[in-house]
Every structure is written in structure tokens, then in C-alpha cells.
Amino acid sequence: MTLPKHIAIIMDGNGRWAQLKRRPRTYGHIKGTRVAKKIITACSRKGIKNLTLYAFSTENWFRPQTEVSFLMKLLRRYLKRETENLVKENIRFSVIGDLTRVPGDVYQAIEQAREATAQCTGLNLVFALSYGSRQEITLAVREIAERVAKGEISADDIDEAMISTSLSTYPTPDPDLIVRTSGEQRLSNFLMWQAAYSEFYFTEVLWPNFTESHLDEALSAFSVRQRRYGKVSVNDNSIDKNNLEKLPN
Ligand code: IPE
Ligand code: IPE
Ligand code: MG
């Protein structure tokens with residue numbers, strides 16, 4: 001079975017899951033964190049090289065203050081409790097997103113987890129936190145424009161590779177598979193440049209109900225997708241040169 005080298009997951013539906021149980025949204029976030037932990041371990045054990053989890057978007061800052069601060073506390077607690085396990089599982093942890101907006105104690109926990117796992121060589125685990133694709137692209141454009149202004153490069157030197165390497169995801173390869181739970185079928189400002197040729201897998205399952213077997217379903221759906229990148233299939237000989245000559249002018 002062809003495994004994706006990079007899976008990116010939009011973990012959505014925590015709030016709805018809690019509402020269905022007549023519990024506060026925060027309860028859904030707690031369950032969602034537990035599920036994230038399980039899926040990280042599962043990906044690591046399956047030998048997947050890169051996993052990006054959309055944990056908090058730039059737009060999520062506009063949620064009620066109580067929910068935002070709860071999510072930040074939850075993240076801090078997760079990192080404090082989990083770092084040791086990450087090291088044990090040889091998982092390297094990093095973050096993409098605007099960390100200037102994150103509370104100081106959360107930032108510290110992130111730095112500690114990053115440092116503790118820096119030498120790990122197994123799964124590359126990336127949390128997209130305070131992340132927005134538009135902001136990421138805007139920053140990259142600004143940085144490149146500054147280099148042009150300083151005369152380090154000329155406008156003609158700007159190519160796709162330069163843009164890719166200026167994004168916060170570099171050097172992680174583009175996601176092969178993007179999974180979104182909870183039935184929504186949109187990117188919500190996630191990895192827009194990087195998703196140019198990603199395969200999408202949408203499931204109605206709410207994130208707190210997502211299990212390793214749902215992950216397996218996504219992986220097996222991915223393994224039978226034909227990725228053509230705009231070309232034709234390798235074995236497709238159906239283009240007949242004689243017919244081409246018959247085309248009207
Ligand atoms: C995803 O679940 C978690 C975050 C965005 C932090 P939601 O909180 O978006 O849950 P729903 O979509 O409201 O159900
Ligand atoms: C996207 O989910 C962000 C995360 C899962 C962290 P949202 O729930 O914020 O997205 P919208 O508002 O439904 O587009
Ligand atoms: Mg949501």
C-alpha cells in the first residue's frame with residue numbers, strides 16, 4: 001500500500017461533538033486532544049514521515065476569549081505531559097504559525113518540546129498553531145520583496161522554488177493527503193500553496209470520534225488514488241498520432 005509521505009489533518013468538530021452530548025465546547029477540545037495523541041502515535045508506528053495537525057487558525061483568535069484561553073491552556077498541558085513520550089517515540093515536534101500572539105507560558109512549553117525532541121529522527125510532527133496560509137504567504141512575499149529592495153536578488157530570480165522555501169513549512173514536503181473531519185469541505189486558510197496537488201479526504205466523523213480505523217480508511221482511499229499532476233497516466237497509449245493529423249485546422 002502506498003503511504004503518504006506527509007499527512008495533514010484539519011481536526012474539526014470538537015464543538016459539535018460536545019453539543020451533541022449537551023456539554024460545553026471545551027469538553028470536546030479535551031476529547032479532541034486525546035484523539036490527536038492517539039493519531040500521532042498511530043502515524044508514527046505506521047512509519048509515516050510527516051504529520052501536520054491544524055490545531056488553531058489565525059481566525060480562531062476571534063472566538064470567545066474563554067474558549068481561546070482554554071485551548072491555549074490545553075495545549076500547554078498537552079506539551080508538558082507529552083514531551084517525554086514524544087522523545088520515547090522518536091518524534092520530532094515543531095510548530096508553524098504566528099507565535100508572537102501565543103501566551104508566554106505556552107510559547108515556553110513549545111520551545112521546551114522543540115528542544116527536547118530536536119534530535120529525534122522518526123515522525124516529523126508539526127502543529128499548525130495560530131497558523132493562516134494567507135499570513136504565511138504574505139510574510140514570504142514581504143521577505144522576498146525586501147531581498148529585491150536590498151539588491152540581493154532581482155525580480156526575475158523569484159521562482160516557485162524560492163516561494164516554497166520561504167514558507168514556514170519548509171523543508172517539510174507538500175502534503176500528499178489532507179484529511180478534514182466533521183463534514184466541512186474547505187481548507188479554512190490551511191496550506192493553500194502546499195495543497196496544489198494534495199489528495200483530499202473528507203469524512204463526516206467528528207474529530208473526537210476519529211479513531212485509528214478511520215485513519216486506515218483514509219490511508220486506503222489514498223492508496224488507490226491516481227495522481228497525475230496534470231499529465232496522462234504512464235500506461236495510457238490512447239493518443240493515436242494518425243488521429244492527430246485528422247484534426248481540423
Ligand atoms: C476544531 O473543532 C478545533 C479548533 C478549531 C480549535 P471546532 O472547535 O471548530 O468544532 P466545531 O467545528 O465548532 O464543531
Ligand atoms: C479550522 O477549523 C481550524 C482548525 C481545525 C484548527 P474551523 O472550525 O476554525 O474552520 P471553519 O470556521 O469551520 O472554516
Ligand atoms: Mg470547526
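Coordinate-derived values only; no laboratory data. Remember, it's a predicted structure, so these values are computed and weren't measured experimentally. Using ideal geometry, Cβ is built from the backbone for each residue, glycine included, and neighbour counts are taken over all protein chains shown.
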| query | So how do 224, 148, 179 line up by other beta-carbon neighbours within 10 Å, fewest first? | reply | 224, 148, 179
| Geometric extent, Cα atoms of the range 24-161 - Rg, Dmax (angstrom) | 17.3, 55
| query | Which of the trypsin sites (Lys or Arg not before Pro) across the range 160-245 are loop residues per DSSP, with 12 or fewer other Cβ within 10 Å? | reply | 186, 227, 228, 231
| note | Ranked from fewest to most other Cβ atoms within 10 Å of their own Cβ, 91, 30 fall in the order 30, 91
| For residue 95, distant residues with modelled amide H under 5 Å away | 127
| field | Leading residue at positive end of dipole, the range 76-130 (Cβ point charges), from 117, 95, 85 | value | 85
| request: Compute the separation of the alpha-carbon centres of the range 43-90 and the range 142-165 and state it in Å as a whole number. | output: 33
| task | With +1 on each Lys and Arg Cβ and -1 on each Asp and Glu Cβ, and nothing else charged, work out how big the dipole of the chain is about its Cα centre, in Debye to the nearest 20. | result | 1260
| task | Quote the charge dipole size of the range 142-249 about the Cα centre in Debye, to the nearest 20; the model charges only the Cβ of Lys and Arg (+1) and of Asp and Glu (-1). | result | 260
| Using θ = phi - 60° and the Karplus form 6.51 cos²θ - 1.76 cosθ + 1.60, what ³J(HN,Hα) does each residue of the range 128-141 get, whole Hz, x for Gly and Pro? | 8, 10, 6, 9, x, 5, 5, 5, 4, 5, 4, 4, 5, 4
| said: Can you give me the distance in nm between label points at residue 158 and residue 121, each placed 7 Å from the Cα along the Cα-to-Cβ direction? | reply: 4.0
| Going down the list 31/88; 5/38; 49/73; 46/231; 38/73; 46/73, which pairs span over 25 Å between their C-alpha atoms? | 49/73; 46/231; 46/73
| note | Over its alpha-carbon atoms, the chain yields an Rg and a Dmax in Å of 20.7, 71
| request: Between beta-carbons, use under 12 Å as the cut-off and find the net charge around residue 122, counting Lys and Arg +1, Asp and Glu -1. | output: +4
| query | So what are the ³J(HN,Hα) numbers for the range 211-219, from phi and the Karplus equation (6.51, -1.76, 1.60; θ = phi - 60°), rounded to whole Hz, Gly and Pro as x? | reply | 10, 4, 6, 5, 4, 4, 4, 5, 5
